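**Q** Here it is, the structure in full.
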Amino acid sequence: MSVLFKGGTVVNASGRYLADVFVDGDTIKAIGTDLDNPADETVDANGKYILPGAIDPHTHISMPFMGTYAQDDYESGTIAAACGGVTCVVDFDLQQKGETLLEAIERKKALAEGKVCVDYSLHPAVMDPRPDVIAEVKKACREYGTPSFKIFMVYDFRVDDATMIQLLEETKKYGGLVQVHAENVYIIQHMNEVLEKEGKLEPYYHAVSRPNIAEEEAVYRASKMVELTGSRIYIVHLSSKEGLWKVKEARNRGVDVYAETCPQYLLLDEERYKEPNWNGAKYVMSPPLRTKESNDALWEGLRGGDLQVVATDHCPFDFNGKKDMNGKDDYKKIPNGAPGIETLLMLLHSEGVVKGRISLERMVDVLSSGTARMFGLKDKGEIAVGKDADILVFDPDCKFTITQSKLHMNIDYTPFEGMEVTGMPSAVYSRGLKVSQWNGEQMEFVGEVGRGRFVKREPFEGF
Ligand code: URP
Ligand code: ZN
Ligand code: ZN
């Protein structure tokens with residue numbers, strides 16, 4: 001299958017220019033002016049952007065959590081991804097007790113087989129840090145193609161600081177990257193006890209129980225471990241201005257601390273928890289939504305480069321049936337997480353680029369090129385000859401009102417209900433195959449279920 005995209009504006013993180021793009025098979029074969037390569041399909045991209053597909057490096061597909069499962073499986077989750085312009089997903093793979101990392105990877109690959117609709121990779125999450133598991137980091141970096149390792153400083157399956165240090169040392173040897181959910185568990189436990197005694201158990205108190213200082217302290221502690229070991233770390237879903245200050249402080253001293261944030265932390269604030277009819281439960285996620293001050297600080301962090309990636313933390317639980325399953329009378333029992341894989345690009349373009357908070361090129365960097373670099377996706381993240389033809393034909397003027405019924409994620413709500421966005425994909429290509437298109441009212445999936453591939457990622461060579 002070959003496709004010729006005519007007359008679009010090619011946008012990479014480094015700049016933009018008018019050009020035609022020719023794709024044959026899985027990859028981009030030529031970029032130039034007045035290309036006339038014969039092609040199976042010619043796409044008129046006049047007035048449109050040609051963007052590299054977005055990459056979401058933070059998803060929880062079919063993840064067992066808090067007595068239930070995150071609802072999207074690889075089919076529904078990656079159909080939604082394709083419809084949102086996300087052409088590669090790096091999903092968390094939670095190691096179970098007794099498992100090796102390879103067993104965890106094979107288990108999750110089996111879930112994706114025959115279902116996944118765009119390319120994907122996995123980050124093993126280390127939850128049973130036995131010596132043989134720490135020793136497996138070498139193989140994960142060099143053989144399995146999974147050189148990033150998630151750890152949690154909170155939840156029952158958290159690891160201690162000693163494990164963090166061991167992983168930082170081991171990843172430094174082999175070009176890996178530790179990713180950390182940074183919140184101080186003791187602050188949260190203390191706040192939970194205080195709130196319980198006071199009978200404060202509504203969704204709003206989820207935010208009170210996890211104050212900014214819990215993130216600030218954990219980011220600081222993780223940064224100090226990086227300083228100690230001379231390794232690198234990546235803070236997932238950074239939410240607060242205080243957490244960002246700690247990232248900035250470390251980076252200013254040359255400590256390799258990287259961080260991602262998510263649209264919910266850029267655009268929503270803790271007032272959401274006060275919505276009537278228990279609606280606040282829709283936003284129960286960890287870390288919680290903060291204040292407008294933090295929203296603004298995170299935009300500044302994106303502009304200035306202290307934040308390098310925007311991801312979604314896609315972790316969907318139905319409002320009716322899951323959020324209220326055990327948590328109606330106690331915020332601590334509400335499954336933590338919210339959907340977002342499909343709304344990532346539209347929100348970042350509309351709220352970021354259209355509103356002048358970040359440039360179009362910066363958007364491409366934090367959604368695609370920078371993400372590919374961070375996670376060793378060497379064939380993704382750029383419109384360039386030889387790269388995978390993960391391509392978005394993007395109409396910057398197309399209007400869409402976000403509403404659950406027009407989205408594809410397997411969940412009964414979106415936190416962004418009613419938001420009007422400007423800019424939507426006209427068509428999305430994954431390795432040269434069209435996987436979704438705008439039908440005048442909404443995106444529709446037109447790809448092949450099961451065509452996505454596991455992508456082996458490269459370790460970092462810069463140590
Ligand atoms: O609330 C969240 N973020 N749920 C998913 C698990 C995690 O901590 O990333
Ligand atoms: Zn997390
Ligand atoms: Zn997460």
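The values are calculated or read from the model by the stated rules, or taken from the named source; none is laboratory data. This is a predicted model, so every value here is computed, not measured. Because the Cβ atoms are built from the backbone with ideal geometry, glycine has one as well, and the counts that use them run over all protein chains shown. Each accessible area value is taken on the protein alone, full model and side chains, heavy atoms only, with ligands, DNA and RNA left out. Shrake-Rupley method; radii C 1.70, N 1.55, O 1.52, S 1.80 Å.
**Q** Two decimals, Cα atoms only, Kirkwood Rh: what is Rg/Rh over region 264-343?
**A** Result: Rg/Rh = 1.02.
**Q** Tally up the carbon and sulfur contribution to the accessible surface of the chain as a whole percent, 1.4 Å probe, everything protein left in place.
**A** On the chain, the fraction of accessible area on carbon and sulfur atoms equals 48 percent.
**Q** Distance check, please: which entries in K108/K139; K138/K173; K246/K333; K29/K109; K355/K406; K109/K139 exceed 19 angstrom between their Cα atoms?
**A** Listed pairs above 19 Å: K246/K333; K29/K109; K355/K406.
**Q** How high is the relative contact order of the chain, in percent, with contacts defined as C-alpha pairs under 8 Å that are six or more residues apart?
**A** With pairs under 8 Å counted, the relative contact order is 22 percent.
**Q** Would you mind putting 285-295, 317-327, 333-343, 106-116 in packing order, based on average other-beta-carbon counts within 10 Å, highest first?
**A** Listed from highest to lowest mean packing, they are 333-343, 285-295, 317-327, 106-116.
**Q** Now, a different point. Based on Cα positions only, what radius of gyration and what Dmax would you give for region 218-377, in angstroms?
**A** Expressed in Å, the Cα Rg and Dmax of region 218-377 come to 16.5, 49.
**Q** Compute the Rg/Rh shape ratio of region 20-108: radius of gyration over Kirkwood radius, all on alpha-carbon atoms.
**A** Looking at region 20-108, the ratio lands at 1.16.
**Q** Translational diffusion coefficient of region 106-201 at 4 °C, 1.567 mPa s, Stokes-Einstein with Kirkwood Rh over Cα pairs, in µm²/s as a whole number.
**A** It comes out at roughly 84 µm²/s.
**Q** Find, to one decimal place in angstroms, the Kirkwood hydrodynamic radius of region 284-323, where the mean of 1/r is taken over every pair of different Cα atoms and then inverted.
**A** 12.3
**Q** While we're looking at this one, here's another question. Given 25 °C and 0.890 mPa s, how large is the Stokes-Einstein diffusion coefficient of region 53-374 in µm²/s, with Rh as the Kirkwood radius over Cα pairs?
**A** For the chosen part, D equals 125 µm²/s.
**Q** Considering only protein heavy atoms, what per residue accessible area in square angstrom results for region 53-374 with a 1.4 angstrom probe?
**A** 33
**Q** Also, I was wondering about something else. Need one number: convex hull volume per residue for region 54-166, Cα atoms only, in Å³.
**A** Output value, Cα hull per residue: 107 Å³.
**Q** For the chain, what does the helix formula give at 222 nm: sum of -39500 (n - 2.57) over DSSP H segments with n ≥ 4, over the residue count, nearest 500 deg cm²/dmol?
**A** -7500 deg cm²/dmol
**Q** Something else: Run the quick spin-label model on I165 and N46: label points 7 Å from Cα toward the beta carbon, then report their separation in nm to one decimal.
**A** 6.5
**Q** If you add up the charges near A19, with Lys and Arg at +1 and Asp and Glu at -1, over every other residue whose beta carbon is less than 10 angstrom from its beta carbon, what do you get?
**A** Summing Lys/Arg as +1 and Asp/Glu as -1 gives 0.
**Q** Taking the mean number of other Cβ atoms within 10 Å as a proxy for protection, how do you rank 5-13, 34-42, 268-276, 118-126 from highest to lowest?
**A** My ranking of the peptides, most packed first, is 118-126, 5-13, 268-276, 34-42.
**Q** If you find the alpha carbon centre of region 432-448 and of region 358-375, how far apart are they in angstrom?
**A** Computed from Cα coordinates, the inter-centre distance equals 23 Å.
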